[in-house]
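Trainee: What follows is a structure written as structure tokens; I'll ask about it next.
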Amino acid sequence: MRAVTWHGRADVRVDTVPDPVIQDPTDVIVEITSTGICGSDLHLIEVMAPFMTVGDVMGHEPMGIVREVGPEVTAVKPGDRVVVPFNISCGTCWMCSEGLFSQCETTQNREQGFGASLFGYTKLYGQVPGGQAEYLRVPFGNTLPIKVPASVPDDRFVYLSDVLPTAWQAVQYAGIPQGGSVLVLGLGPIGDMATRVAKHLGAGQVIASDVVPERLARARRNDVQVIESTDQAEVVARVRDLTDGRGPDAVIDAVGMEAHGSPVASALQKATAVVPDAIMEKVMQVAGIDRLAALNTAIEAVRRGGTISLSGVYGGATDPLPLMRMFDKQIQLRMGQANVWRWVPDILPLLTEGDAFGVDEFATHHVPLEEAPQAYMNFREKKDGHVKVLLQP
Ligand SMILES: NC(=O)c1ccc[n+]([C@@H]2O[C@H](COP(=O)([O-])OP(=O)(O)OC[C@H]3O[C@@H](n4cnc5c(N)ncnc54)[C@H](O)[C@@H]3O)[C@@H](O)[C@H]2O)c1
Ligand SMILES: [Zn+2]
Ligand SMILES: [Zn+2]
């Protein structure tokens with residue numbers, strides 16, 4: 001089959017790789033019809049590159065049609081339409097029954113000291129072949145795939161794999177009081193969706209910051225108050241003006257480690273490009289990488305006693321945090337990979353009964369799988385209005 005494969009920094013290709021096969025009696029094979037490119041994929045071709053191997057199949061936002069099922073699969077059958085969550089969670093262990101699917105104890109990467117395996121991600125998360133491919137092997141066929149109706153276009157459901165539950169969890173973790181205020185940092189797919197979910201769940205004032213014109217325009221169209229800057233001092237001053245000088249009840253960081261504005265980060269970015277991977281891998285596991293620009297803005301912007309909800313992904317083991325400031329401001333901080341299945345029962349009805357979040361128009365680009373390398377670069381450079389790309393194998 002054809003699949004998007006990792007070859008190095010800023011280097012993805014489409015290669016022919018072996019078709020996946022049923023390995024366990026509860027596996028299913030899904031023929032992929034739509035599959036997103038995520039901000040998290042960008043980390044893999046940049047700072048997280050030391051944890052990747054040439055030939056790794058990428059992608060973790062797939063949906064498609066079940067083509068084959070193992071002998072013990074009863075929940076889905078060939079022909080069913082399914083979305084595949086980005087967490088590989090068994091659905092039955094202690095963590096899964098607590099709703100902490102991204103910490104699944106069946107797929108936790110204990111040797112690496114990391115949480116549940118993820119499709120198409122680094123060796124820290126199991127190095128499992130991903131879903132930017134013609135076919136995907138999906139384990140836990142009775143509990144993992146999300147069955148969706150057959151009659152509506154893919155765009156309606158594909159974001160159940162990641163974007164929607166991630167944005168939903170970001171808003172839940174933000175703990176915005178009914179009618180309260182939230183600042184969303186970053187208007188990529190995750191931040192944009194978080195503004196929509198925040199409104200849906202009752203936020204009274206939704207503010208967002210970014211600098212990419214098309215992304216700001218999308219948010220404006222949804223009546224978000226936009227701050228056209230990612231500069232900490234400017235964003236903090238503007239958001240205070242908009243919130244009685246106090247700061248918002250909550251800040252959602254939907255940026256993560258590719259933030260603009262980290263002074264040391266660009267130096268480190270260059271370092272990851274020249275230092276051998278074995279050394280860089282060590283550096284990232286034992287040291288900080290100082291890409292905390294967005295998080296620091298969140299800490300300064302949030303009102304005293306407010307909550308920061310981190311959905312942007314961070315790496316680097318000892319990045320320093322301004323603890324005195326955080327303690328004094330009495331900040332609450334919640335974070336983590338989205339626990340996809342935790343939120344599916346809440347979100348699915350909002351997609352089958354209508355289009356509560358404007359997902360039908362959410363993708364800016366639909367691209368054949370063969371054009372993935374260019375699409376990755378366009379998304380990375382935020383060129384030509386690229387906000388969300390769906391690949392169509
Ligand atoms: N927690 C999870 O489960 C989960 C799931 C999916 C994605 N993510 C993470 O969420 C983050 C966003 O993903 P995305 O797909 O929207 O990516 P993206 O890269 O398209 O979006 C990030 C946006 O942040 C903006 N930005 C950069 N620096 C900023 C700053 N200092 N202040 C404000 N805005 C800034 C960029 O211009 C860009 O528009 C990534 O870190 C990704 O890894 C987490
Ligand atoms: Zn993703
Ligand atoms: Zn589990």
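Trainee: Taking the Cα centre of each part, how many Å lie between the range 2-34 and the range 188-219?
Mentor: With the range 2-34 and the range 188-219 each reduced to a Cα centre, they are spaced 32 Å.
Trainee: What stretch of the chain, leaving out the sites themselves, is the longest with no GluC sites (Glu not before Pro) in a DSSP loop having at most 14 other Cβ atoms within 10 Å?
Mentor: 112-352
Trainee: Which residue, Met377, Met257, Met324, tops the fluctuation ranking in a GNM of the chain built on C-alpha contacts under 10 Å?
Mentor: Comparing Met377, Met257, Met324 in a Gaussian network model of the chain, the most mobile one is Met324.
Trainee: Using a Gaussian network for the chain with springs between C-alpha atoms less than 10 Å apart, which of these wobbles most: Arg215, Arg380, Arg110?
Mentor: Residue with maximal mean-square fluctuation among Arg215, Arg380, Arg110: Arg110.
Trainee: OK, next. log₁₀ I(q)/I(0) of the range 191-262 at q = 0.19, 0.26, 0.27 Å⁻¹, via Debye over equal Cα point scatterers, no solvent, to two decimals?
Mentor: -0.79, -1.44, -1.50
Trainee: Starting from the exponent 0.38 and prefactor 2.2 Å, build the expected Rg for the chain from its residue count and divide its actual Cα Rg by it.
Mentor: Ratio of Rg to 2.2 N^0.38 Å for the chain: 0.94.
Trainee: When the gyration tensor of the range 109-237 is built from Cα positions, what are the square roots of 5 times its three eigenvalues, in whole Å, from largest to smallest?
Mentor: For the range 109-237, the ellipsoid semi-axes come out as 32, 19, 15 Å.
Trainee: Another question about this same structure. What order, most packed first, do the peptides 329-340, 159-170 have when packing is the mean number of other Cβ atoms within 10 Å of each residue?
Mentor: 159-170, 329-340
Trainee: What residues have an amide H closer than 5 Å to that of Gly36, excluding those fewer than 5 places away on the same chain, when H is modeled at 1.01 Å from N in the peptide plane?
Mentor: Those qualifying (amide H under 5 Å, at least 5 residues apart or on another chain) are Glu61, Leu391.
Throughout, read-outs are computed from the coordinates displayed, never taken from laboratory work. These numbers were taken from a predicted model, which means no experiment stands behind them. Glycine also receives a Cβ, built like all others from the backbone with ideal geometry; neighbour counts cover every protein chain displayed.
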